[in-house]
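The next block holds one structure in the form of structure tokens; read it before the comments.
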Amino acid sequence: MKQKALWINQIKGLCICLVVIYHSVITFYPHLDALQAPLSTLLAKCWVYFNLYLAPFRMPVFFFISGYLIRRYIDDVDWKTCVNKRLWSIIWVLALWGVLQWQALTHLNAWLAPERDLSSASNAAYADSLMGFITGMLTASTSLWYLYALVVYFTLCKLLHRWKLPLIGLLALVSIAINFLPLPWWGMNSVVRNMVYYSLGAWYGMQLMTWMQTRVWRRDGLAVAAFGLVSVALWFANVPLPLSLLSILLIMTVFYRFEQRYAVQPDNLLNVVGSNTIAIYTTHRILIEGASLVLIGELNAGRWPVWAELTLILVYPFVSLLACTLVGLGARKLSSALMGDIFFSPPARPAPAQAAR
């Protein structure tokens, strides 16, 4: 079980790294409109497209692993324990960091980019009123929509697990349909699109893990390649489900085989990152927003020499990932050491006083 926990934790680490890179790219490169070197423009476009192509390898795997890790709570644990151990902690972090992100991004934009028009931004973190913030959070229009999804997914998977076989097919169809008939809220579209992966992990994760671990993949290389080609074609047709399922299978296989061949220690970098995904996830957007606002203004003003501009365009996502990882890990250590981890775990309920004898 220790080995399994480690290799799965490493996948979580990979996924949160991809999430940080995704946000680093979308908050930076599309807003650069005055680059000096043609190569800088080309590199910026390459990062944008590379980020797009990483989509099937990011959230589907993250949600499958998240579902797989809570399968015991779905099948065997009573609701009261689930609320106390699973749901309340996520709701606490979602509410607390929703407010912290909202206030931080509002003040960062007022300070660093007061001319920026955020009136059309459909993100709770950019809301200009309390009601706008609440509406954004309730409709999953928030950078923290992953946490919102975990609460919804767990609740529905536990309520509906007796009908999992027909429902998994229905969720697959809904995941495809939402790409062509989207809801008005971008975050809710993502929640609907990804539920099939979480449910697959929660309901059938053990069977799939066993099947994956016992396969001799050398014999199936041709079939996997053919399915991959079809999946890529469907992805270009706005049907990412097959490619996402294939990415889950391939990533799990690679990490599992690596664990079997090489000893992975608990202090392995990806394992440490995977053990602190919530801290990195909640803190990184604030750091990225501040950095991007400063650097966008600098590059669009043409103040940097061409060599420095090129260097930044080339390495920015990696530097951002390193900074966000260190800040997230540091925030978790400070929260644990100084405040009882209140920023990432709900405060402990006071023990009931014993009746006097």
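Using only the Cα atoms of region 210-293, build the gyration tensor, take square roots of its eigenvalues as a ≥ b ≥ c, and label the shape rounded, prolate or oblate: rounded if a/c is under 1.5, else prolate if a/b is larger than b/c, else oblate. Working shown, then result.
Working: a/c = 3.51, a/b = 1.31, b/c = 2.68.
The shape class here is oblate.
Take the Cα coordinates of region 124-189, assign each an equal point scatterer, and use the Debye formula without solvent to give log10 I(q)/I(0) at q = 0.13, 0.14, 0.23, 0.27 Å⁻¹.
The calculated log intensity ratios at q = 0.13, 0.14, 0.23, 0.27 Å⁻¹ are -0.46, -0.53, -1.03, -1.14.
What percentages, rounded to whole numbers, describe P(r) for the chain computed over all alpha carbon pairs with 10 Å bin width beginning at zero?
Going from the shortest bin to the longest, the percentages are 5, 21, 32, 27, 12, 3, 1, 0, 0.
Send over the semi-axes of region 222-268's equivalent ellipsoid, whole angstrom and largest first, taken as the square roots of 5 times the C-alpha gyration tensor eigenvalues.
29, 12, 5
For the chain, what is the calculated [θ] at 222 nm in deg cm²/dmol (nearest 500), taking -39500 (n - 2.57) for each run of four or more DSSP H residues and dividing by its residue count? Before the final figure, lay out each step's value.
Details: 15 runs with 255 residues, N = 357.
Computed ellipticity for the chain at 222 nm equals -24000 deg cm²/dmol.
Leaving out ligands, DNA and RNA, what percent of the accessible area of the chain is carbon and sulfur, probe 1.4 Å?
69
Based only on the alpha carbon positions, what is the Kirkwood hydrodynamic radius of region 42-187, in angstrom? Walk me through the numbers before you get to the answer.
Working: mean 1/r = 0.0562 Å⁻¹.
The answer is 17.8 Å.
How large is the accessible surface per residue of region 220-357, computed with a 1.4 Å probe and reported in Å² as a whole number? Before the final figure, lay out each step's value.
Working: 7690 Å² over 138 residues.
On a per-residue basis, region 220-357 sits at 56 Å².
Which distance in nm do the two modelled labels at LEU181 and LEU42 give, with both placed 7 Å along the Cα-to-Cβ direction?
Here the modelled spin labels are 4.5 nm apart.
Report the relative contact order of the chain, percent, no decimals, based on alpha-carbon pairs under 8 angstrom and at least 6 residues apart. Can you show the working numbers first?
Working: 391 pairs, mean separation 122.1, N = 357.
The normalised contact order for the chain reaches 34 percent.
May I ask you to derive the relative contact order of region 203-357, considering only C-alpha pairs under 8 Å and at least 6 residues apart, and to give it as an integer percent?
Details: 59 pairs, mean separation 29.9, N = 155.
Taking the mean separation of contacting Cα pairs over the length of region 203-357, I get 19 percent.
Once you treat every alpha carbon in region 110-220 as an equal point and sum by Debye, what is log10 I(q)/I(0) at q = 0.10 Å⁻¹?
-0.44
Which residues make up the longest stretch of the chain that has no chymotrypsin sites (Phe, Trp or Tyr not before Pro) in a DSSP loop with at most 11 other Cβ atoms within 10 Å? Walk me through the numbers before you get to the answer.
On the way: sites that count: PHE180, TYR262.
In the chain, the maximal stretch lacking such sites is 1-179.
Take every Cα pair under 8 Å in region 14-135 that's 6+ residues apart, average their separations, divide by the length, and report that relative contact order as a whole percent.
Values: 49 pairs, mean separation 22.1, N = 122.
Relative contact order comes out at 18 percent.
Based on the Cα gyration tensor of region 189-348, what are the three equivalent ellipsoid semi-axes, each the root of five times an eigenvalue, rounded to whole Å and given largest first?
Working: eigenvalues 241, 132, 63 Å².
The equivalent ellipsoid of region 189-348 has semi-axes of 35, 26, 18 Å.
What residue among ARG219, ARG86, ARG116 shows peak mean-square fluctuation when the chain is described by a Gaussian network model with Cα springs under 10 Å?
It is ARG219.
The values are calculated or read from the model by the stated rules, or taken from the named source; none is laboratory data. Here the structure is a predicted model, which means the values were calculated and not measured. Cβ atoms come from the backbone with ideal geometry, glycine included; neighbour counts cover every protein chain shown. With ligands, DNA and RNA removed, areas are computed over all heavy atoms of the protein, side chains included. Shrake-Rupley method; radii C 1.70, N 1.55, O 1.52, S 1.80 Å.
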